[in-house]
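Single-structure report; data block below.
The values are calculated or read from the model by the stated rules, or taken from the named source; none is laboratory data. Treat the numbers as computed from the prediction; the structure is a model and nothing was measured. When the accessible area is computed, the model is the full protein with side chains, heavy atoms only, and any ligands, DNA or RNA have been set aside. Shrake-Rupley method; radii C 1.70, N 1.55, O 1.52, S 1.80 Å.
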Amino acid sequence: MMRGANTLVFLLGLSFCVVAHAASPDSAGSPYQAIVERNVFGLKPPAPAEEAPPPPEPPSKITLSGITTMLGNKRALLSVQVLNKPPENFILAEGQRDGDIEVLQIDEIAGTVKVSNHGVEQLLDFKTDGAKLHPTAVAPPHPAPAAARPPGVPPPPTRTIPTRTLRIPSIPQPAH
């Protein structure tokens, strides 16, 4: 009798599994399929993922004018050129910002400053982003010797500074 009861329980369990599988939502006869087809909320399939565009070029040109460690903290001297405006000069420490320009890190030994320029990180150094000297700002060379001067060019005038005799107060000598 026990064997017949076990067989009956097995057959009931098997039939329950078949009925449960037939009522699953992914089957074609699902009662909820009509709701999906109506699309009451106007849902759309997700758009395909596109490649992220490259970061935009920074809108401002930053020139590194100097780095100082005076007053106990590191500071960067920056000149910011925005299109069609005169350059603005800033002295900012690490973590400080002025508008959309923020100094993130200063390495005074390597001569580099990491800044955030309108959300775009840049690493500035003196070689590529440093202030450039204009040819007119260079000191003139020493005058050429007379032998190397072209004929007809007079030598530069010489100026002599007159000498003065120093007046030292006389110190009275003690009497013996």
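Note that segment 91-104 has calculated 3J(HN,Hα) couplings of 10, 10, 8, 4, x, 8, 9, 9, x, 9, 9, 10, 8, 9 Hz, one per residue in order, obtained from phi through the Karplus relation 6.51 cos²θ - 1.76 cosθ + 1.60 (θ = phi - 60°); glycine and proline are x. What the phi angles of segment 118-129 give under the Karplus curve with 6.51, -1.76 and 1.60, with θ = phi - 60°, is a coupling list of 6, x, 9, 6, 9, 10, 9, 9, 5, 5, 9, 10 Hz, glycine and proline written as x.
Counting heavy atoms of the protein chains alone, L83 has an accessible area of about 140 Å² for a 1.4 Å probe.
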